[in-house]
Structures are given as C-alpha cells and as structure tokens.
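A short write-up of the structure that comes next.
What follows is calculated from the coordinates using simple rules that are stated; it is not laboratory data. Just so we're clear, the structure is a prediction, and the values are computed from it rather than from any experiment. So basically every Cβ, Gly included, is an ideal-geometry build from the backbone, and we count neighbours across all protein chains shown.
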Amino acid sequence: VTGTDTSLAATAAAYDAMSARYAEVTGQGVDEPPLDRAMLAAFAEQVTSAGGGLVTDAGCGPGRIGAHLARLGLDVMGVDVSPEMIAIARGWYPALRFTTASMGALPLPDDALAGIVAWYSIIHAPPGAVPGYLAEFARVLRPGGFLLTAFFEADGDTVTEFDHKVTPACRWPVNALAGLAADARLAEVGRMSREPGPSERFRRGHLLLRKE
Ligand SMILES: C[S@@+](CC[C@H](N)C(=O)[O-])C[C@H]1O[C@@H](n2cnc3c(N)ncnc32)[C@H](O)[C@@H]1O
C-alpha cells in the first residue's frame with residue numbers, strides 16, 4: 001500500500017543511520033510519564049480481557065514498547081522498516097520476535113491480530129499516506145481488536161510538519177486523526193492528551209481505537 005514510497009525509504013535510511021544513538025537515548029526502559037504508561041496499561045488490559053492474542057508493535061524501533069507490553073502479559077511481535085533498529089531490538093530482547101517490514105504492508109493475514117500499538121511511528125508518514133496505514137491496521141486487526149497510537153499534537157486544526165531530530169515528522173490534530181481512523185472502521189474508545197514535559201516541545205496525543 002504505502003510500502004514503496006520514497007519518503008518511506010528516506011525514513012528507513014534516517015533511522016538506520018541514527019539507530020545506535022537513538023537506542024542509547026531511549027534506553028531499554030519505558031520511562032514515559034505515568035499518563036502515557038496508563039494508556040499502555042489500558043491497551044494491554046483491553047486486549048487481555050477481549051481474549052488476548054498476537055499484538056504488533058508497529059514501528060517498534062529498538063523494541064522497548066513491545067517489551068513493556070510483553071511484561072504486561074501480551075504476546076508481541078515488533079515490526080520496523082529500519083533493519084538496524086530491528087537488529088538492536090533482537091539483541092536487546094532475544095525472547096521476542098522482530099521483523100523488518102513496513103507497517104503499511106504487514107506480513108500478516110487478515111484478522112490476524114488482537115492489537116496494534118503504533119507509538120510515534122505514523123508521525124513520519126506523509127499525511128496523505130496515513131489513511132493507507134490505518135486501512136492496513138484495520139485489515140490485520142480482527143473485529144474487536146485494538147489500536148493504540150501515540151503522536152505529537154498539532155496546535156490548531158491542521159496537520160503541521162516539524163523538524164524531528166531523525167527525519168521530518170507531522171503533528172496531528174487529535175480530531176483529524178480520530179476522523180481518519182473512523183473512516184477505516186477503527187472506532188474511538190478514548191483519547192488522552194497531555195501537556196509536554198520539561199524536555200518536550202509539543203502536547204502529546206494518544207488514541208485508543210477498536211476495530212468494528
Ligand atoms: C520515533 S521512532 C519510535 C520507536 C518506538 N516506537 C519507540 O517509541 O521507542 C519511529 C520508528 O518508526 C519506524 N517507522 C516509521 N515509519 C515506518 C513504517 N512505515 N513502517 C515501519 N516502521 C516505520 C522508524 O523506523 C522508527 O524506528
């Protein structure tokens with residue numbers, strides 16, 4: 001779907017080049033603020049109480065979010081377009097599975113997943129490609145499966161690009177992203193929006209969605 005566009009190749013190359021530095025900065029832990037971790041915990045609980053099943057960490061980078069979800073009891077596989085990121089993730093978390101692929105063309109059959117977490121990964125997609133990613137997530141999620149996505153919030157009503165440290169990224173109005181998700185049959189369960197912390201520039205948005 002969106003797996004071969006040139007911006008995707010540029011994203012992969014940028015994360016390949018920065019992978020060691022990125023992993024050094026994030027580390028293996030999830031030291032996000034309590035509200036962010038609460039969303040991950042809510043996602044894990046929703047997936048588990050719906051019967052559990054395979055979950056994909058889409059755009060997993062060094063794998064720390066997927067590893068956190070595994071500690072919360074989920075069966076996780078990580079996917080990233082950057083082979084260098086996948087190599088780090090495999091080294092850090094040998095018990096988990098990781099695959100190099102675009103989350104716009106997941107190597108999974110229809111209805112395969114109980115959940116997807118896309119934690120600051122659709123931020124690098126050109127805005128016009130985001131409906132394709134959401135459609136792919138909806139394809140691989142089973143009915144009743146959950147998607148949790150985290151992103152940088154826009155100040156107003158329009159998507160805005162900013163100078164992300166690794167490669168260009170977009171800030172999204174929460175309503176705009178929720179609207180595109182609804183178009184892809186991903187219905188909103190809830191949202192969490194928080195102020196930036198001392199070392200952060202933008203408000204942070206989180207959407208929890210359920211496939212119809
Ligand atoms: C800001 S990092 C976040 C990494 C991880 N989710 C975390 O929070 O630690 C964005 C990641 O998304 C990956 N990514 C971006 N677009 C992607 C795509 N279309 N398919 C798979 N991975 C993608 C990048 O390679 C990068 O590892």
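Each of Gly91, Val117, Ser199 was placed along the dipole of the chain (beta-carbon charges, centred on the mean Cα), and the one lying farthest toward the positive end is Gly91.
Could you please report the charge total around Met77, scoring K, R as +1 and D, E as -1 over all other residues with beta-carbon less than 13 angstrom from its beta-carbon? Surrounding charge for Met77 is -1. A Förster radius of 30 Å, combined with the Cβ-Cβ distance separating Arg142 from Ala17, puts the computed FRET efficiency at roughly 0.25. Computing FRET efficiency as 1/(1 + (r/R0)^6) for Lys165 and Arg191, where r is the C-beta to C-beta distance and R0 is 30 Å, gives about 0.70. A protection proxy built from the mean count of other Cβ atoms within 10 Å ranks the segments 87-94, 136-143, 196-203, most packed first, as 136-143, 87-94, 196-203. When the Cα centres of region 136-189 and region 82-108 are compared, how far apart do they sit, in Å? So the separation of the two Cα centres works out to 21 Å.
Arrange Thr56, Thr48 by Cβ neighbour counts within 10 Å, fewest through most, would you?
Thr48, Thr56
Residues Tyr133, Tyr120, arranged from fewest to most other Cβ atoms within 10 angstrom of their Cβ, appear as Tyr120, Tyr133. Placing +1 on the Cβ of every Lys and Arg and -1 on the Cβ of every Asp and Glu, with no other charges, gives the chain a dipole of roughly 340 debye about its Cα centre. Rounded is the label for the chain. Its Cα gyration tensor axes, ordered a ≥ b ≥ c, give a/c under 1.5. Listed values for region 95-101 are Karplus-derived 3J(HN,Hα) couplings in whole Hz (6.51 cos²θ - 1.76 cosθ + 1.60, θ = phi - 60°), namely 7, 9, 9, 9, 9, 8, 6, and x replaces Gly and Pro.
So, R0 is 25 Å and r is the distance between the beta-carbons of Ser49 and Glu212; what FRET efficiency does that work out to, to 0.05?
0.85
Counting Lys +1, Arg +1, Asp -1, Glu -1, what net charge surrounds Arg203 among other residues with beta carbon under 10 Å of its beta carbon?
Result for the neighbourhood of Arg203: 0.
Sorting Met18, Met103 from the fewest to the most surrounding beta carbons within 10 angstrom yields Met18, Met103.
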